[in-house]
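The block underneath contains the structure these notes are about, expressed in structure tokens.
The values are calculated or read from the model by the stated rules, or taken from the named source; none is laboratory data. Owing to the predicted nature of the structure, the values given are computational and were not obtained by experimental measurement. Using ideal geometry, Cβ is built from the backbone for each residue, glycine included, and neighbour counts are taken over all protein chains shown. Each accessible area value is taken on the protein alone, full model and side chains, heavy atoms only, with ligands, DNA and RNA left out. Shrake-Rupley method; radii C 1.70, N 1.55, O 1.52, S 1.80 Å.
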Amino acid sequence: MHKALGIILWTIMAACVISVITLPVNLQTQLIVSVTVVIIMGGLKLLKSEGRWRLVALAFGVSIVLRYAYWRTTETLPPINQPENFIPGMLLYLAEMYNILMLFLSLFIVAMPLASRPSRAGQQKTFPAVDVFIPSYNEDAMLLANTIAAAKAMDYPADRLRVWLLDDGGTLQKRNSADVRESETAVARHALLSDLCRQLGANYLTRERNEHAKAGNLNNGLAHSQGQLIAVFDADHAPARDFLLETVGYFEEDPKLFLVQTPHFFLNPDPLERNLRTFERMPSENEMFYGIIQRGLDKWNASFFCGSAAVLSRRALETTNGFSGMSITEDCETALELHSTGWNSIYVDKPLIAGLQPATFVSFIGQRSRWAQGMMQILRFRMPFLKSGLSIPQRFCYMSSTLFWLFPFPRTIFLIAPLFYIFFDLEIFTASGGEFLAYTLAYMLVNLMMQNYLYGSFRWPWISELYEFVQTVHLLPAVVSVMVNPRKPTFKVTAKDESVSVNRLSEISRPFFVIFAVQVIAVIMTIFKIYTEPYKADVTLVVGGWNIINLILAGCALGVVSERGEKSSSRRIRVRRRCEFGVEGSWYPASIEDVSVGGAGLQVFGKQLSVIRPGAEAVLRFRPHDEQQELALLPIVIRGAQSSGDTVQVGCQYRPRDALDHRWIADLLFANSAQWAEFQTSRRRNPGLVRGTLWFLGLSLYQTSRGLIYLFRGMGKGT
């Protein structure tokens, strides 16, 4: 009875909504309604309304979006008997409908995401055996040493924890390769990493052949281990001491749990953050996914495995023959398979690992190409929406995650659509300037406001558009290639431990300058058309404004591909930790102010500090987080020193003598997860739509000039 009544009520509500959306009104009324909705949404946002009021604001926004979609469908498409207008007009229409579909999927997932789970540290009752897998391919031994040392230092009974380095760079296939260089490199790597693991108390494991990429490597680890749970860390993802204490306990509560996923926190900026210098003051790109979207997915039991920083159940993995390897994104594919067989997942919204992300634009694009191609393979081979065993919400969630990577298609269409009118006078969008104002501009503004509602301090205005813009040029052919031949893509390891030593243009920057030049010409052409065709000035102004938005994004992209030279590959994290500083046989009280992957900043106190000079070797002595360990003695070399009274500010670089010294580097940088959460929180503030837009406009103007300067300097050197 109650179910039938609910269906009747939903049917009545749906009929009312449809009647309102399709109600014919004049242009003035539509404009009044649009302005009213924008004012209401803005007022609710200023009142910082949450809960039901948040949903009310989003509902108002949805009404404008649906009204726009109805208007676009019924009144704006070019006549089918004009193919030169109809074909590009239909492509634009489909691109807009894709965006509306993705907006509705986002609303479903993140309109009311789960709250962050409270800390579980100190609540552990049982300690199941855990195998820690660190898959590796070609990473530097020093980077691996930090990760292994951090994994070994996790707060967990030593007899219940085994750490495995799964090395795919030293396989028998590589050591016996006909290529002498490859063979010698693999033999040397095998010996080096075997010794490294022996010193740090970890297990070194390789295999005969490099088959099925990372999934095959992880499955080889499963075959040689026995722990009830599997923790997976990428080679550059070092865990905090409390990682297992915050994750393992959930498996005791839910016997059908296969995954506890935690966010990926990065110590270094991606190319956009580094080149635009936003790393310290703006949330990173991945924080929208890990801070909001994963919590939304978690609400529907659809949070998925992200390849690292996670704990999985061996019993669950055995039901699907281990990690799935049909696609090159084995993590999401594995989660999809296990969700479809009735297993559950949990997301813990607390940064418990710290890693590195691509530093160069080339590596960044390479990583994103792999993600895009892998998700397209999942869409093609696994068909999430039709996958048996998934709940309806889970189907929507996986469709959102896979369909997102089609964004290069609509982004390309939005880029070139105004050029059809400006250069070729094609009418691919049948509407007057007033209709654009009442419908399109209102839709765009409401869309931005809804994004601000959904993601707030996790994603600033226009940043998503910029990230999509800079990826589209190179991701479009990658996505097309996997659609044409879905089995062609192969897994490629993303380079993480890179650095850019000098200012330079990226090797793949040329298309962005071409796009920028075309759009500048389009602006000139727009002015010319307004002057010569004043009777079409309203439409020309609207299309010209659209092109200027693209020009602003393109100008900012010039700054993204103009790579800044930096000495360090990672940023420093503030720690404030007492220590002693030893140099030339004397010890001085000191404070560790900040740390990075390569070194630390110190404040040394005392008299006769003239012995502290650049190039001198010294030692840091401090107490590790595990107080049962002996005092740490970490060799360093002084890189810079600045005196101020009885204190000296010292910049130093780590100089580990052997593998065991990496325990102390790991303790300084990775042991305390609270410092990562504090850093993230310090960047999470919402500038608002108006201030955020003005900030982005200023950023674009500056980055445009910087990109052009890099271009002209490069041309000067070339001549």
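Taking the Cβ-Cβ separation of Leu114 and Ile549 as r and a Förster radius of 35 Å, what is the calculated FRET efficiency to the nearest 0.05? Present the calculation step by step, with values, prior to reporting the outcome.
Working: r = 35 Å, r/R0 = 0.99.
For R0 = 35 Å, the calculated efficiency reads 0.50.
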Fill in: Overall Cα dimensions of segment 17-172, principal axis frame, Å, largest first
75, 45, 25
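Two decimals is fine: what's Rg over Rh for segment 311-429, C-alpha atoms, Kirkwood radius as Rh?
Working: Rg = 18.9 Å, Rh = 17.1 Å.
Here Rg/Rh amounts to 1.10.
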Worksheet item: FRET efficiency for Thr430 and Ser391, Cβ-Cβ distance as r, R0 = 30 Å, nearest 0.05?
Response: 0.10
Worksheet item: By how many degrees, 0 to 90 and rounded to 10, does the Cα axis of helix 674-683 deviate from the longest principal axis of the chain?
Response: 30
Practice prompt. Output the relative contact order of segment 396-527, whole-number percent, from Cα pairs under 8 angstrom with separation of 6+ residues.
Written response: 39
Worksheet, complete the sentence: Relative contact order as a percentage, the chain, C-alpha pairs under 8 Å and 6+ apart, gives 15
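Which GluC sites (Glu not before Pro) in segment 268-338 pass both tests, a DSSP loop state and at most 13 other beta-carbon atoms within 10 Å? List each step's numbers first, then the result.
Details: sites: Glu273, Glu280, Glu285, Glu287, Glu318, Glu330, Glu333, Glu337; in loops: Glu280, Glu285.
Passing both the DSSP loop test and the Cβ count: Glu280.
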Worksheet, complete the sentence: In the chain the accessible area split gives carbon plus sulfur, as whole percent at 1.4 Å, a share of 61
Discussion item. Between 0 and 90 degrees, rounded to the nearest ten: what's the tilt of helix 392-403 against the longest Cα principal axis of the chain?
Written reply: 90
Worksheet item: Under 5 Å between amide H atoms, partner at least 5 residues away or on a different chain: which partners does Val163 have, H built in plane at 1.01 Å?
Response: Val132, Asn203
Worksheet item: Looking at segment 127-262, what % of the alpha carbon pairs are farther apart than 20 Å?
Response: 46
Worksheet item: For segment 111-193, what relative contact order do you get, as a whole percent, if you take Cα pairs closer than 8 Å and at least 6 residues apart?
Response: 30
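Pull out the extension gain between Asp195 and Glu584, defined as 0.36 nm times the separation in residues minus the alpha carbon to alpha carbon distance; nm, one decimal.
Details: separation 389, 0.36 × 389 = 140.04 nm, distance 3.19 nm.
Result: 136.9 nm gained on full extension.
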Worksheet item: Once amide H atoms are built 1.01 Å from N in the peptide plane, which residues 5 or more positions from Ala309, or in another chain, come under 5 Å H to H?
Response: Val232, Phe233, Asp234
Item to complete: Compute the acute angle (0 to 90°) between the alpha-carbon long axis of helix 463-484 and the principal axis of greatest extent of the alpha-carbon atoms of the chain; round to the nearest 10°.
Response: 90
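What number, in nm² with one decimal, is the all-direction average of the projected area of the convex hull of the alpha-carbon atoms of segment 575-719?
Details: hull surface 55.6 nm².
The directionally averaged projection comes out at 13.9 nm².
So what are the chain's ellipsoid semi-axes, whole angstrom, largest first, if each one is the square root of 5 times an eigenvalue of the alpha-carbon gyration tensor? List each step's numbers first, then the result.
On the way: eigenvalues 441, 201, 134 Å².
Semi-axes, largest first: 47, 32, 26 Å.
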Worksheet item: Once phi is turned into ³J(HN,Hα) by the Karplus curve 6.51 cos²θ - 1.76 cosθ + 1.60 with θ = phi - 60°, what whole-Hz value does each residue of segment 429-435 show in order, with x for glycine and proline?
Response: 9, 7, 6, 8, x, x, 5
Worksheet item: HN-Hα J couplings of segment 536-543 from phi, Karplus 6.51/-1.76/1.60, θ = phi - 60°, integer Hz, Gly and Pro as x?
Response: 10, 4, 5, 5, 4, 5, 5, 5
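With every protein chain present, what is the per residue accessible area of segment 307-346 (1.4 Å probe, Å²)? All intermediate terms of the calculation are to be shown ahead of the outcome.
Values: 1020 Å² over 40 residues.
About 25 Å² of surface per residue is accessible.
How much length is gained if the chain between Lys488 and Ala59 is pulled fully straight, taking 0.36 nm per residue apart and subtracting their Cα-Cα distance, in nm to one decimal? Before the final figure, lay out each step's value.
Details: separation 429, 0.36 × 429 = 154.44 nm, distance 4.30 nm.
Contour length minus the Cα-Cα distance gives 150.1 nm.
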Worksheet entry | Two-site FRET efficiency, Ala674 against Ile416, from Cβ-Cβ distance with R₀ of 60 Å, rounded to 0.05 | 0.80
Worksheet, complete the sentence: Any residue on another chain or 5+ positions along whose placed amide H is under 5 Å from the amide H of Ala359 is listed here as Glu498
Fill in: For q = 0.21 Å⁻¹, Debye-computed log10 I/I(0) when each Cα of segment 36-124 counts as one equal scatterer
-1.03
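Report the far tail of the P(r) of segment 39-87, meaning the percent of Cα-Cα pairs longer than 18 Å. Please list the in-between numbers first.
Working: 602 of 1176 pairs.
So the portion of pairs separated by more than 18 Å is 51 percent.
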Worksheet entry | Note, ³J(HN,Hα) from phi for segment 201-211, Karplus 6.51, -1.76, 1.60, rounded to Hz, x at Gly and Pro | x, 10, 9, 8, 9, 10, 9, 6, 10, 8, 10
Item to complete: Check the straight Cα-Cα distances from Lys125 and name the aspartates and glutamates below 17 Å, setting aside those fewer than 8 residues away within the same chain.
Response: Asp155, Asp159, Asp242, Glu246, Glu252, Glu253, Asp254
Discussion item. Using the alpha carbons of segment 380-444, what is the convex hull volume per residue in cubic angstrom, as a whole number?
Written reply: 136
Worksheet item: Label Ile39 and Gln629 with points 7 Å out from Cα along Cα→Cβ: what is the distance between them in nm?
Response: 6.3
Item to complete: Could you calculate the contour length gain from Gln123 to Tyr702, that is, 0.36 nm times the residue separation minus the distance between their Cα atoms, to one decimal place in nm?
Response: 203.3 nm
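I need the trypsin sites (Lys or Arg not before Pro) found in segment 92-168, filtered to DSSP loop residues with at most 10 other beta carbons within 10 Å of theirs. Don't skip to the end; give the middle numbers.
Values: sites: Arg120, Lys125, Lys152, Arg160, Arg162; in loops: Arg120, Lys125.
Those that pass, being in a loop and sparsely packed, are Lys125.
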